[in-house]
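Structure first, commentary second.
Nothing in this text is a laboratory measurement; each read-out follows from the coordinates by a stated rule. In this text the structure is predicted, and so the values were computed from the model without any measurement. Because the Cβ atoms are built from the backbone with ideal geometry, glycine has one as well, and the counts that use them run over all protein chains shown.
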């Protein structure tokens, strides 16, 4: 590093030249660059604000859709529950009806076995009593089940 | 009066570098994908804009001065650190720092005159009257301290590089030279920042506080 001749703490005409050089830079930066940079920053801010606004809208829409989906799922659960309950009721009815029919058949058979056979032509033989018919002939269980 | 050619050439090269960078940013600035350089300039500008809260009506002027000073001083400080650079740091010359300080102080006083008016400007220095000499002395000292602080640091840095080269043989000087270069890189940023920060503070002190609160800013709105 070369020290300048004389007192290097005293400014000379170099200061004027260097001041002019700096002023040129100042003018260029302030007139041509900073407005452009400011514009870019403002556009980016606008862009970010718009994106944030869009994100907020999308978030509220997503929340709305979630609520709607939860509502639909709840409704579907309730419908499924009702269908299952109806199926259980029908199941219980079919089982009860089957048991009743089986019991009637059982009773019919046991009654038929206990009753002594009469010869045809005997007095009082007016044919088979209606109560002694097979249960299938008495009623149509499937009709009473109302299946389908 | 003589002109120091190497310092003038160095400051001219610095100016060319800063102008080229600035014009590159002007041409290639992007909204979506800003480069690191663009972001650095924008951060400098927005920091100066935020700092110039009192001088809000003159914010554009303050921001322009602070941003230009920061990047110009930084480029000047880093100029001799460029590989193979034969140029000295222009800021290690008192002429450059004095010129910068005088320009800043002139701008500050012009702004103070605009903000306060001639009577308000004079009243600011004369009330109370017994403090007038101190206030005038303060205003005279401001550019001197501004200039000498930057000059002293950069001059001392150059001296240390020269001493390392003179006192140590080249292989032994390599590590201290590299360490001092790293420190100098950091110190250059700090000095540029201090100069720009003090500039903004001087502008703020030049404008009465009620001006910024009572009148709408003439400049652009906040970024």
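In nm, to one decimal, how far is the residue A:67 label point from the residue B:185 one, both placed 7 Å along Cα→Cβ?
Simple spin-label model gives 5.6 nm for this pair.
Can you tell me the 0 to 90 degree angle between the C-alpha axis of helix B:36-51 and the longest principal axis of chain B, rounded to 10?
It works out to around 30 degrees.
Averaged across B:24-32, how many Cβ atoms of other chains sit within 10 Å of each residue's Cβ atom?
Counting Cβ atoms of other protein chains within 10 Å of each residue's Cβ and averaging gives 5.
Report, in degrees rounded to the nearest 10, the 0 to 90 angle that the Cα long axis of helix B:94-126 makes with the longest principal axis of chain B.
10
So if I average 1/r over every pair of distinct C-alpha atoms in the stretch B:5-215 and take the inverse, what Kirkwood radius in Å does that give?
18.9
Which of the peptides B:2-9, B:163-170 is most tightly packed, and how do the rest follow, going by the mean number of other Cβ atoms within 10 Å of each residue?
My ranking of the peptides, most packed first, is B:2-9, B:163-170.
Points 7 angstrom from Cα along the Cβ direction at residue A:76 and residue B:39: gap in nanometres?
4.5
On a 0 to 90 degree scale, rounded to 10, what angle separates helix B:59-78 from the longest Cα axis of chain B?
Taking the Cα atoms of chain B, the angle to B:59-78 is about 10 degrees.
I need the calculated FRET efficiency for the pair residue A:20 and residue B:118, taking r as the beta carbon distance and R₀ as 25 Å, to the nearest 0.05.
Efficiency for this residue pair is about 0.35.
Grab the eigenvalues of the alpha-carbon gyration tensor for the protein assembly as shown, scale each by 5, take roots, and send me the semi-axes largest first in whole angstrom.
For the protein assembly as shown, the semi-axes come out at 100, 28, 17 Å.
Compute the separation of the alpha-carbon centres of the stretch B:75-102 and the stretch B:25-60 and state it in Å as a whole number.
Taking the Cα centre of the stretch B:25-60 as reference, the centre of the stretch B:75-102 is 24 Å away.
With a 10 Å Cβ neighbour count serving as the proxy for reagent exposure, in which order, fewest first, do A:45, A:31, B:33, A:101 appear?
In order of increasing Cβ crowding within 10 Å: B:33, A:31, A:45, A:101.
At what distance in nm do the modelled label points of residue B:31 and residue A:100 sit from each other, each positioned 7 Å from its Cα along Cα→Cβ?
About 8.0 nm separates the two model spin labels.
By count of other Cβ within 10 Å, fewest leading, how are B:188, B:47, A:53, B:11 ordered?
With the sparsest Cβ surroundings first, the list reads A:53, B:47, B:188, B:11.
Averaged over every viewing direction, what's the projected area of the C-alpha convex hull for the stretch B:70-181? Give it in nm², one decimal, please.
Mean projected area for the stretch B:70-181: 9.2 nm², to one decimal.
Convert 25 °C to kelvin, take the viscosity as 0.890 mPa s, use the Kirkwood radius over C-alpha pairs of the stretch B:1-81 as Rh, and evaluate the Stokes-Einstein diffusion coefficient in µm²/s, rounded to a whole number.
Diffusion coefficient, whole number: 173 µm²/s.
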